[in-house]
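Contents: one structure, followed by commentary.
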Amino acid sequence: MDLNLRKAIISNISDNDQQQLEATIVDAIQNGEEKMLPGLGVLFELIWKQSDQNEKKEMVNALQQGVQQAASS
């Protein structure tokens, strides 16, 4: 991913409060538009970098369960 895209996404949400950040995530997921995927990726990267090892393990477990569920649907 282009570093400029990361910076643009972060700049666009830098003043958002928790409710606005959550709304951004929910909207991106509910709309299911491909163009939203890079933004979600940047948000996930920020979350990952702020998480400790236990939180990362929980996220990977949740991801694995989600992938398995999506694959069986």
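Quick note: the coordinates plus some simple rules give every number you see, no bench work behind them. Bear in mind the structure is a predicted one, so any value in this text is a computation, not a measurement. Because the Cβ atoms are built from the backbone with ideal geometry, glycine has one as well, and the counts that use them run over all protein chains shown.
Here are some notes:
- Pairs with Cβ under 9 Å, 6+ apart, first in segment 8-21 and among the charged types (D, E, K, R), second outside any loop (DSSP other than H, G, I, E, B): none
- Single residue of LEU40, LEU21, LEU46, LEU63 found to be among the aliphatic types (A, V, I, L, M) and touching a helix residue (DSSP H, G or I) at 6+ places or on another chain (Cβ under 6 Å): LEU40
- Verdict on MET59 being in contact with a Phe, Trp or Tyr (Cβ under 8 Å, 6 or more places away or on another chain), surrounded by 13 or more Cβ atoms within 10 Å (Cβ to Cβ) and not acidic (Asp, Glu): yes
- Scanning segment 41-64 for residues that are more than 21 Å from GLU22 (Cβ to Cβ) and polar (S, T, N, Q) returns GLN53, ASN54, ASN61, GLN64.
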